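The values are calculated or read from the model by the stated rules, or taken from the named source; none is laboratory data. Please read these numbers as outputs of a predicted model, since none were measured by experiment. Positions of Cβ are generated from backbone atoms using ideal geometry, with glycine treated the same way; all protein chains shown enter the neighbour counts. Each accessible area value is taken on the protein alone, full model and side chains, heavy atoms only, with ligands, DNA and RNA left out. Shrake-Rupley method; radii C 1.70, N 1.55, O 1.52, S 1.80 Å.
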Amino acid sequence: MVSYIIRRLLYAIPTILGVLLITFILFNLIPGDPSYDIAGKSASAETIAEIRRELGFDKPRFLDTEALSQGRIAAAFDSQFFNHFRNTLTLNFPRSLTSHEPIWDEIKSRAPASLTLAAPMFIGLIATSIAIALVVAFARGSWVDTILVFICVVGMSIPMLSYILFGQHYLAYELGWFPILGYESGMQAFKYIALPCLLGIASGLGSYVRFYRTVMLDEMRSDYVRTAFAKGLSSPRVLFKHVLKNAMIPIITTLVLSIPFLFLGSLLLERFFSIPGMGSYFLDAFNSRDFPVINAMVFTTSLLYVLGQLVTDICYALVDPRISLR
Amino acid sequence: MSMKNPLILTPVFLLVVLFAGCGGDDQDQASGKMVRYLSLGAKVRGMDPMDIGDTTSSSVASQIFESLYQYHYLKRPYELIPCLAEDFPTGEDQLTYTFKLRPGVVFADDPCFTATQGKGRQLVAADFIYAWKRIADVKNISKNWWIFEDHIVGLDEFRDYTGRLKAGENVDYMRPVEGLQAPDDFTLVVTLKRPWPQILYLLAHLPTAPVAREAVQYYGKSIHNHPVGTGPYMLKDWKRGNKIVMVRNPRFRQEFYPVEGSPGDREAGLLEDAGKVLPFVDEARWQVVEEDQPRWLIFMRGQLDASGIPKDFYNRAIDPSRQLRSEMKDKGIRLQIFRDPSTYWYGFNMEDPVVGTNKPLRQAMSMAINRPEYVEIFTNNRAEVAQGVIPPLFKEYDPEVINPNCQYNPERARELLKEAVEVHGGPLPTITISTPGTDTLSRQMGEYVTLAMDNIGLKVKIDYMDWPSFQDRIKTKSSQVFQMGWVADYPDPENFMQLFYSKNVSPGPNNFNYRNQAFDTLYEKAKAMPDSNERRRIYHQMENIIRDDCPAIFLVHGVAFVLHYNWLKNYKPHVFGYGLIKYQRIDVAARQKSVGR
Amino acid sequence: MNDLLQIRGLCTEFRTEDGLVRAVDGVSWQVNPGRTLGIVGESGCGKSVSALSVMGLIPKPSGEIVGGQVWFKGQDLLKLTERQIREIRGNEIAMIFQEPMTSLNPVFTVGNQIVEAIKLHQKLRTRDAWDLAVESLQRVGVPSAAERVYAYPHQLSGGMRQRVMIAMALSCHPAVLIADEPTTALDVTIQAQILELLRRLQAGERMALVLITHDLAVIAQIAHTVAVMYASRIVEYTSVEALFDQPLHPYTQGLFRSLPRLGQKKRRLDAIGGTVPNPLAFPSGCKFHPRCPLGCDDKRCQSVEPNLRLIRPGHVLACFKAAGYEDSPPCDIPTQAPTEVSNG
Ligand SMILES: Nc1ncnc2c1ncn2[C@@H]1O[C@H](COP(=O)(O)OP(=O)(O)O)[C@@H](O)[C@H]1O
Ligand SMILES: [Mg+2]
């Protein structure tokens, strides 16, 4: 198991390096230079040059061939490309270009807000949709199934924004059931995340239920289900014991693939409900080409992704005895 | 893994959510504390005056920091009055200014004042010199160097010195700058290289506020999180992306509400607090709200004291005769309409081989747009048609002038386009317009302009992009036509004219890359002149050159509509001033009555 | 009606996208303690569906039992509620399936799955149930059962899994065991072992066994009576001796021809020409006539479907071409159990 984990982490190295390569290429391809934003609207050429120097944009892109020919090896590799890799891999994230805040500090203060919203939303979404999917699978072919599937399809076709606009206007403003917006940390947070949470669940329910319903129905056609029924087990028993545990495998896959999104938060919900999470941080960073921030977030996300995959494998092994981590 | 978990969780989760939703209301509403509620549409980047370049950060930090001068709160046209300065400066020539500081001004208490166990010390002239040197210090990458550049004797040399330092070497802030002297603690003498009539406007600007050296040294790189100023408020809590809370500075000097104002101010109740000690409000709270709907909803709930009107909600608030709807009036909401010091245009890149050398083409394009219609469609009539670059708010604006290039005239435009083909020496290629925005409104505007140009027989293509990509285009001179605007920093047309000065071409503020010898000569002359009829004449001359040369399709000047509840007292919109919360008062009882309902 | 399990005129239909499929059409048979009924026929003729109908395991809502009765110990199972039939299912009537590889739940230990069946029908403490599970594994010849009880299905061979299935089915000592092609997926030596095991257990328990297979050789080894099914119907029904002595239906004869003979390595799969008819478009008349060496030209065979008739004592047949069919009494439901006849 330990050796398996170590091996998996080793395999992740190329992935991480690939991500770094892609971010480097993107930062060079995406138009927009953060220097202009930092310099302000009446910037002088000299200020911009200083900013570029500070950001290391004046360094050679890949390799300082001149230094190399002179035999100064360390200087030769003092290039944008190698510095990008070196700084990121050593987690040497600088301060944000726009806010001057250390990036880790800001991530540390914002990630909890994102998680406070995303985690209950996510758990709620998964739990509710599995529950509904089980009901639907149990009642397959009946009018309950037909109606629920119809509602799911309708729900899927409504964009998230419409849920938000509606929920905020009617449930929060007109009916006053929830605060319109805001955020506090601690227990107070529940008051504020309740509505965005519900809206997130409502908007995600359609596609999740449909997906899980398919997963459940696929499982229900299995021979072991017939065996279970032949033993004299009741339908709920078969669904909850036999089908659900087998269905956990595809479910775990969707769960873990969603972890990076938990980290990035739900952008729209965070914006509309003024939740100071990672979503708006990322958006702001992108809109001002705050490359160190984007880089830190992309890198952290890909690390989480790699870890998530590891967790998936471990979960698979826990659920499915046929899989062993060797 | 137990199989029952998911189902058990669901009801529990839903219950938690539902109960949580029924939480109580704001506790502060009941306590009788006078709180001013505001919103922030963009993020506050930092509160170090040296580094503040955006209106959002300015509007917040200006409650903490003060400058030598400030705008009179009520008088129009806009007028400066002393703030940290005791009076207006003295000086025989236009090159030396002697400022006397107001005595008894202290910095707010802060742990950075270690020598006095956190008690804020007295403000001295050296604090200004220190703050301005910080702006000059290249290593600080200040957004505000443009304020002082090439004005003060020795300051540019100080900047060069900081630029020459190697990494790791410390800037010596004791290094003298000839043009910045403090003969005693309360006297600041500034010597200029050449006359600079706008100096007082800029010394009313937030970035020129004095900064305590102790704070910069104590907080180091985090100084932007720890504003220590002399103003009426102190930062209490700042959660990035969430909220900012400020409380009254108990050691704020004595300052009084103005005793006179503009005509009509007394009738509007703006002089009810005349002569009273400032500030009134105990606490100011900003809530970050990035989207229009939530901002509008919390305003309608009374959780904001004032708000603009988002486009989508305009018709719910304002009737076709530009009056506030009665439902709104019944809620105690009032409407204020006022002019912005802003101008919006489609600019030409004069270095572009097609549009830059083809005046008939530029004129034709300018005549192709029906500005009154544009105002109606895209601004809900919240704009005025432009005839040039100077907005009507300025006293230099001449309402008599009708610029033929700004009149909708498709026939003449088609004729000009024929000329343009000759000038170009062949059929005109498709013209590309860069637009900073990919939202619906930007696209609708783009389509409108495409149709307008199509109407005179010109093909244009709109390139929609986000702001950084757009800036990249402009600053590297790689756009052809670009959609942009400018909001003046101070009420002197020089602030607009500099946009056409040849020494300011990109990446400087002259994004047109406009070069005109005659204009430059006039600009340099006017720039050194104090306000006079002569100067006003020169500005008119300069504007006429631009009107004719057409480096931009001038479209509109902004008109702002602001709503506020009647419990917000002493509220008068101000387009240049910052740090205005100190004048405002909340009728707490009225708010409670109306929100409680 | 004193048979242990007796089905009468059972009809089961499926609604499919292409139309209605009558998978079982008026099938009747019975089975008694200690006896083995073999049901034989080509794949797709309705053997499994008839067994599943007895168990009440027809997938709903696409499938439906549209007619007939299933008499067990004097009550019609089709009239019971779902709750009542669950008491019988797995308890008094157990079933094992063809696919030992997939019929066990891969994510639970075999012990867990056996214990589940035991605890469902018997009031036992968990410990005792586990002991019983080990015991039942031992009974079906699983070596070192005390350890294997904690094994997951994938850790066992196909033969072992089928033994586990049998152990699970027999853990509650059912009166009837329905084995749906229990050996088809196994290789020959294992097949023989499993059949031997079934026979031994049946004898020990005095259990009624319904053995479904497409292999006459299996029938020969274990069955007492045989029902030959073709295209959703029974076409011949008699004792195993009578059938092997003289098969009367041309289809049965075809099946016999396809048995491997001495000196012949391969089975002659082409012994019956043509293919199994599509249940969505059964041929008119005798459903076997297009493939029948005797009846393909006969107008009557082409237009009228022959009923089952008692062509001689203990031998029921549906074929116009058989000698004496015309004079025999109709015997849609074999009132006289062929087993009795053959033994009596
Ligand atoms: N779930 C089902 N849905 C539709 N048709 C089915 C279903 N199960 C069985 N059938 C049909 O019933 C007929 C008999 O099937 P079955 O009893 O499984 O044959 P076999 O004799 O090989 O066991 C087949 O033609 C098959 O197409
Ligand atoms: Mg079958």
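Quick notes on this one:
- Residue B:300 satisfies every condition listed in (1) within 18 Å of residue B:565 (Cα to Cα); (2) open to solvent by less than 20 Å² (accessible area, probe 1.4 Å); (3) within 14 Å of chain A (Cβ to nearest Cβ) except (2).
- Within segment A:19-44, the residues that satisfy the criterion of being in a helix (DSSP H, G or I), hydrophobic (A, V, I, L, M, F, W, C) and surrounded by 13 or more Cβ atoms within 10 Å (Cβ to Cβ) are A:19, A:20, A:21, A:24, A:26, A:27, A:38, A:39.
- Restricting segment B:455-465 to residues that are open to solvent by 40 Å² or more (accessible area, probe 1.4 Å) and touching a strand residue (DSSP E or B) at 6+ places or on another chain (Cβ under 8 Å), the residue that is nearest to the other protein chains (Cβ to nearest Cβ): B:464
- Qualifying residue in segment A:154-166 (condition: within 9 Å of chain B (Cβ to nearest Cβ), open to solvent by 30 Å² or more (accessible area, probe 1.4 Å) and at pLDDT 90 or above): yes
- Only one of B:450, B:440, B:432 that is open to solvent by 70 Å² or more (accessible area, probe 1.4 Å) and not basic (Lys, Arg): B:440
- Residue list for segment B:193-230, filter: within 30 Å of residue B:530 (Cα to Cα), open to solvent by less than 30 Å² (accessible area, probe 1.4 Å) and within 21 Å of the chain's Cα centre (by Cα): B:198, B:199, B:202, B:203, B:204, B:206, B:207, B:208, B:209, B:210
- For segment C:145-161, the tally of residues that are open to solvent by less than 20 Å² (accessible area, probe 1.4 Å) and at pLDDT 90 or above stands at 5.
- Out of B:266, B:248, sole residue that is in contact with an Asp or Glu (Cβ under 8 Å, 6 or more places away or on another chain) and more than 14 Å from chain A (Cβ to nearest Cβ): B:248
- Boolean, residue C:27 is open to solvent by less than 40 Å² (accessible area, probe 1.4 Å), within 16 Å of ligand 1 (Cβ to nearest atom) and either in contact with a Lys or Arg (Cβ under 9 Å, 6 or more places away or on another chain) or more than 12 Å from every other protein chain (Cβ to nearest Cβ) (or both): yes
- Residue-level check: of (1) of a type outside the set (A, V, I, L, M, F, W, C); (2) within 16 Å of ligand 1 (Cβ to nearest atom); (3) modelled with pLDDT of 90 or more, residue C:102 misses just (3).
- Test result for residue B:233, modelled with pLDDT of 95 or more, over 24 Å from residue B:162 (Cα atoms) and surrounded by 19 or more Cβ atoms within 10 Å (Cβ to Cβ): yes
- Residue within segment A:235-255 that is surrounded by fewer than 23 Cβ atoms within 10 Å (Cβ to Cβ) and closer than 22 Å to residue A:113 by Cβ present: yes
- Extreme residue, least open to solvent (accessible area, probe 1.4 Å), among residues of segment C:41-88 that are away from ligand 1 (no atom under 16 Å from the Cβ), away from every other protein chain (no Cβ under 14 Å) and part of a loop (DSSP other than H, G, I, E, B): C:74
- Residue in segment A:269-280 that is open to solvent by 10 Å² or more (accessible area, probe 1.4 Å), away from chain B (no Cβ under 12 Å) and at pLDDT 85 or above present: no
- Elements of type helices (runs of 4 or more DSSP H) in segment C:185-261, at least 2 residues being away from ligand 1 (no atom under 16 Å from the Cβ) and over 18 Å from the mean Cα position of the chain (by Cα): C:188-205, C:240-245, C:250-257
- Total residues in segment B:152-172 satisfying the condition of being open to solvent by less than 30 Å² (accessible area, probe 1.4 Å) and touching a residue at least 40 places away in the same chain (Cβ under 8 Å): the figure is 1.
- Residues (closer than 19 Å to residue A:221 by Cα and more than 16 Å from ligand 2 (Cβ to nearest atom)) located in segment C:37-88: C:56, C:60, C:61, C:62, C:64
- All conditions but one from (1) more than 16 Å from ligand 1 (Cβ to nearest atom); (2) in a helix (DSSP H, G or I); (3) within 14 Å of chain A (Cβ to nearest Cβ) apply to residue C:91; the one that does not is (2).
- Residue match in segment C:125-132 (condition: under 24 Å from residue C:203 (Cα atoms), more than 14 Å from chain A (Cβ to nearest Cβ) and of a type in the set (A, V, I, L, M, F, W, C)): yes
- Among the candidates A:48, A:16, residue that is open to solvent by less than 70 Å² (accessible area, probe 1.4 Å) and within 14 Å of chain B (Cβ to nearest Cβ): A:48
- Residue check: residue C:178 meets all listed conditions (1) over 22 Å from residue A:238 (Cβ atoms); (2) within 16 Å of ligand 2 (Cβ to nearest atom); (3) within 14 Å of chain A (Cβ to nearest Cβ) but one, namely (1).
- Flag if residue C:109 is surrounded by fewer than 22 Cβ atoms within 10 Å (Cβ to Cβ) and within 16 Å of ligand 1 (Cβ to nearest atom): no
- Those helices (runs of 4 or more DSSP H) of segment A:131-250 in which 3 or more residues are closer than 21 Å to residue A:121 by Cβ occupy A:143-157, A:160-166, A:189-220.
- Per this entry, residue B:537 is not counted among residues that are open to solvent by 10 Å² or more (accessible area, probe 1.4 Å), in contact with an Asp or Glu (Cβ under 9 Å, 6 or more places away or on another chain), more than 30 Å from residue B:52 (Cβ to Cβ) and assigned to a helix (DSSP H, G or I).
- Condition met for residue A:63 (of a type in the set (A, V, I, L, M, F, W, C), away from every other protein chain (no Cβ under 13 Å), assigned to a loop (DSSP other than H, G, I, E, B) and farther than 15 Å from residue B:138 by Cα): yes
- All conditions but one from (1) in contact with a helix residue (DSSP H, G or I) (Cβ under 9 Å, 6 or more places away or on another chain); (2) under 26 Å from residue B:594 (Cα atoms) apply to residue B:383; the one that does not is (2).
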